[in-house]
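Notes to accompany the following structure.
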Amino acid sequence: MIWTACRRGWIGTAWTLGCGVVVAAGLLATAAAAEPSTAPTGGHHVVGPEYQIDPALTDQGRPKGRQFEFSMPLAQSRIFRGDDSTLEPAKKPVRKERRIFVYIPAAYRDGTPAPVLIVHDGPGPLPLIRNALDNLTAGPESVRRLPAFVVVAVENGGSDSKNSQRGLEYDTMSDRLARFIEGEVLPAVAQNPEIRAAYPKFALTRDPEGRAVMGCSSGGAAALSMAWFRPDLFRRVIAYSGTFVDQQDDDAPEEAMFPFGAWEYHSSKRLIETTDRKPLRIFTHVSENDNGAKNPEESHRNWVMAGERTAAALKAKGYPYRYVFSRASGHCESKIYEQTLADTLMWVWQGYESR
């Protein structure tokens, strides 16, 4: 159990209850303590303060897949052209094009509609994911096994937070990002000439159960929002250090319905608890010193409380969820990925069967 010590305070314009974290020693199992042959479980978990890389995330000499890279000009997009009225490009530059990174594992068989993992802020932890695929899609059947999913890591549109292209894409409470990935990015991947030359019958599944989304920080909030607003397209969520706070543009049209942005998932509107349960499987995480705040109080008041309340709401609503609290760690730190990502991927893909 994680107990919280709380006090009232302000976050932006919202009156909130700020919580510090007190971990009841010995009451939570750590992901690191699990035996390699044990399937990761849902619920609440604590890791740290010592960290080590999971061997499954290292290069073990297994057969390698193939990686591809291409770019998509923002100006050619129908959804994120880089000219939204909420942007302030003089202060927060917008990229002219975004890079797309695609990894197709060695275990993929051409012509098979592959499951897919979308990774925000590409390339992100793609090297670790590549190793996980190389190691956990090969060898004998075991509980530590992954489906041969294709990774599509998508670069953001530039800058961060309010009035930025990245903020528009990731912090907006709507289905815009899901429609962009579905309608523009995935078709570009499927039609890419280099990929087609290597895999003439290349295909990605259209089954939402075979589509996962991963991100950190605002990318984590975006992962949840893509599945939340479009469960017909994406149903598996990985959110590290999720920005479940209010970073939505103040002049965004979505403000009319969601005035506090992603804060609404667990506070004010309490979207998770007051909405009929969706067919989603959700991993969330928060670090003890999350969001990079120099002031620990500010860190707890924002990211830590938001992370805890999001996990609590998922539990209360009966979602399949896995929540990791990492001690002695900060925002999107690589050591968190290195210790937990293999288990996270295995847990989020549990129950998947290709159709």
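Before we move on, is residue 323 at pLDDT 95 or above and in a strand (DSSP E or B)? It is true that residue 323 is at pLDDT 95 or above and in a strand (DSSP E or B).
Kindly evaluate residue 242 against the criterion of being assigned to a loop (DSSP other than H, G, I, E, B), within 23 Å of residue 122 (Cα to Cα) and among the small types (Gly, Ala, Ser). So residue 242 passes the test. Residues in region 261-285 that are out of contact with any strand residue (DSSP E or B) (no Cβ under 9 Å at 6 or more places or on another chain) and assigned to a helix (DSSP H, G or I): 261, 262, 264, 265, 271, 272, 273, 274.
Only one of these is among the small types (Gly, Ala, Ser) and closer than 18 Å to residue 102 by Cβ: 188, 178. Name it.
188
Residues in region 310-353 that are within 28 Å of residue 279 (Cβ to Cβ), surrounded by fewer than 24 Cβ atoms within 10 Å (Cβ to Cβ), in contact with a helix residue (DSSP H, G or I) (Cβ under 9 Å, 6 or more places away or on another chain) and charged (D, E, K, R): 317, 353.
Residue-wise test of (1) under 18 Å from residue 120 (Cβ atoms); (2) modelled with pLDDT of 95 or more; (3) aliphatic (A, V, I, L, M).
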site: 170; (1), (2), (3): yes, yes, no
site: 182; (1), (2), (3): yes, yes, no
site: 200; (1), (2), (3): no, yes, no
site: 213; (1), (2), (3): yes, yes, yes
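As for region 17-24, it holds no residue that is modelled with pLDDT of 95 or more, farther than 28 Å from residue 335 by Cβ and out of contact with any Ser or Thr (no Cβ under 8 Å at 6 or more places or on another chain). Of 258, 244, 234, 202, all but one fail to be among the hydrophobic types (A, V, I, L, M, F, W, C), closer than 18 Å to residue 185 by Cα and out of contact with any strand residue (DSSP E or B) (no Cβ under 7 Å at 6 or more places or on another chain); the exception is 202.
Within region 64-79, the set of residues being touching a residue at least 60 places away in the same chain (Cβ under 8 Å) and either under 21 Å from residue 151 (Cβ atoms) or of a type in the set (S, T, N, Q) (or both) comprises 64, 65, 66, 67, 68, 70, 72, 77. In this structure, does residue 107 turn out to be in a loop (DSSP other than H, G, I, E, B) and surrounded by 18 or more Cβ atoms within 10 Å (Cβ to Cβ)? When the stated conditions are applied, residue 107 passes them. Taken over region 88-100, the criterion of being touching a Leu at 6+ places or on another chain (Cβ under 9 Å) and either buried (at least 19 other Cβ atoms within 10 Å of the Cβ) or part of a loop (DSSP other than H, G, I, E, B) (or both) is satisfied by 94, 95, 96, 98.
So, of the residues in region 146-173 that are within 16 Å of the chain's Cα centre (by Cα) and among the polar types (S, T, N, Q), which turns out to be nearest to residue 202 (Cα to Cα)? The extreme case among them is 156. Out of the residues in region 278-316 that are of a type in the set (S, T, N, Q) and out of contact with any Ser or Thr (no Cβ under 8 Å at 6 or more places or on another chain), state the one that is modelled with the highest pLDDT. Step by step, filter region 278-316, then rank; the result is 302.
Checking the stated criteria, residue 330 turns out to be of a type in the set (Gly, Ala, Ser), touching a strand residue (DSSP E or B) at 6+ places or on another chain (Cβ under 6 Å) and modelled with pLDDT under 95.
Given the criteria over 30 Å from residue 193 (Cα atoms), surrounded by 14 or more Cβ atoms within 10 Å (Cβ to Cβ), β-branched (Val, Ile, Thr) and at pLDDT below 50, does residue 13 qualify? Here the answer is no, as residue 13 does not meet what is asked. Applying a threshold of 8 Å to beta carbon distances and a minimum spacing of six or more residues, or different chains, the list of pairs starting in region 180-207 at a residue that is among the small types (Gly, Ala, Ser) and ending at one that is in a helix (DSSP H, G or I) reads 203/190.
Looking at residue 275, is it touching a helix residue (DSSP H, G or I) at 6+ places or on another chain (Cβ under 9 Å) and either modelled with pLDDT of 95 or more or under 30 Å from residue 111 (Cβ atoms) (or both)? For residue 275, the condition - touching a helix residue (DSSP H, G or I) at 6+ places or on another chain (Cβ under 9 Å) and either modelled with pLDDT of 95 or more or under 30 Å from residue 111 (Cβ atoms) (or both) - is met.
The values are calculated or read from the model by the stated rules, or taken from the named source; none is laboratory data. From a predicted model like this one, the values you see are computed outputs, not experimental measurements. Cβ: placed from backbone, ideal geometry, glycine included. Neighbour counts: every protein chain shown.
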